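Computed from the coordinates by the stated procedures, all read-outs in this text should not be read as laboratory data. For clarity, every value in this text was computed on a predicted model and none was experimentally measured. Quick reminder, even Gly has a Cβ in these numbers, built from the backbone with ideal geometry, and neighbours come from all protein chains shown.
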Amino acid sequence: MRIPQGRAYDEVRVGDEFDYVLTITEAHLVTAAGLFGDFNPLHVDETFASQSRFGGRILHGPFTSAFVAAPVGIYFAGTAIAYLEHYCRFLAPVKPGDTLQAIWTVTDMADKPKFQGGVIGLSCVCSNQQGVEVATASGKIMVAAREATQGAYDE
């Protein structure tokens, strides 16, 4: 079986960018409530939430954080050794119907020869369709060099 390969440590440079776009739907909101067990009326009761400062239901913070983290896993598919850190700060509410774009930038790299790769530092800005920043994030991921991944998924 051949697994798609993401970027390897030796294929990445400081300043590289990658992104991910998703429109948040009703299904995301309902799934998050069930997944997290958080049925706060701000998430599940439109009547209550419409009277709040947000003017309607909002997505759970942990779901926004997971959306922001998703492109890291995709970009380093098959080369990631471990996602070491993830920090997310929420700046504005996310509502059903919002289209989010998370743009990640490689900020630093530290060679780790013992692991045949290195640790990559990342920063992210996540905005909605109106250009409003809804979250910022940073993270660190340990990634294998291409030579360390050759043949790793071949049958």
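Condition first: in contact (Cβ under 8 Å) with a residue 40 or more places away in the chain and over 30 Å from Ser50 (Cβ atoms). Now tell me which residues in the stretch 90-110 satisfy that. Hits for the stretch 90-110 are Ile103, Trp104, Thr105, Val106, Thr107, Asp108, Met109.
This table checks each residue for (1) of a type in the set (Val, Ile, Thr); (2) under 28 Å from Gln130 (Cα atoms); (3) buried (at least 18 other Cβ atoms within 10 Å of the Cβ); (4) in contact with a Lys or Arg (Cβ under 9 Å, 6 or more places away or on another chain).
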site: Gly6; (1), (2), (3), (4): no, no, yes, no
site: Glu11; (1), (2), (3), (4): no, no, no, yes
site: Asp16; (1), (2), (3), (4): no, yes, no, yes
site: Gly56; (1), (2), (3), (4): no, yes, no, yes
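Scanning the stretch 100-114 for residues that are farther than 16 Å from Ala145 by Cβ and either surrounded by 17 or more Cβ atoms within 10 Å (Cβ to Cβ) or over 14 Å from the mean Cα position of the chain (by Cα) (or both) yields Leu100, Ala102, Trp104, Thr107, Asp108. For the stretch 129-145, give me each residue that is surrounded by fewer than 19 Cβ atoms within 10 Å (Cβ to Cβ) and more than 14 Å from the chain's Cα centre (by Cα). Once the filter is applied, which keeps residues that are surrounded by fewer than 19 Cβ atoms within 10 Å (Cβ to Cβ) and more than 14 Å from the chain's Cα centre (by Cα), the stretch 129-145 yields Gln129, Gln130, Gly131, Val132, Glu133.
Which residues, counting only those in the stretch 1-54, are among the aromatic types (Phe, Trp, Tyr) and either part of a loop (DSSP other than H, G, I, E, B) or more than 21 Å from the chain's Cα centre (by Cα) (or both)? Reasoning before the result, please.
As a first pass, look at the stretch 1-54 and keep what is among the aromatic types (Phe, Trp, Tyr): 9, 18, 20, 36, 39, 48, 54.
Residues satisfying the conditions are Phe39, Phe48, Phe54.
Evaluate the stretch 61-84: report whether one residue or more is over 30 Å from Ala144 (Cβ atoms) and of a type outside the set (Val, Ile, Thr). Checking the stretch 61-84: at least one residue is over 30 Å from Ala144 (Cβ atoms) and of a type outside the set (Val, Ile, Thr).
Look at Phe18 and say whether it is among the aromatic types (Phe, Trp, Tyr) and closer than 30 Å to Asp108 by Cβ. Taking the combined requirement at face value, the residue satisfies it. Within this structure, Val68 passes the test of being closer than 30 Å to Gln116 by Cβ, in contact with a strand residue (DSSP E or B) (Cβ under 8 Å, 6 or more places away or on another chain) and of a type in the set (A, V, I, L, M). Among the residues of the stretch 58-89, those that are out of contact with any Asp or Glu (no Cβ under 8 Å at 6 or more places or on another chain), without any contact (Cβ under 8 Å) to a residue 60 or more places away in the chain and over 23 Å from Asp45 (Cα atoms) comprise Ala70, Gly73, Tyr83, Leu84, Glu85, His86, Tyr87, Cys88, Arg89. Scanning the stretch 95-132 for residues that are of a type in the set (D, E, K, R) and outside any loop (DSSP other than H, G, I, E, B) yields a count of 4.
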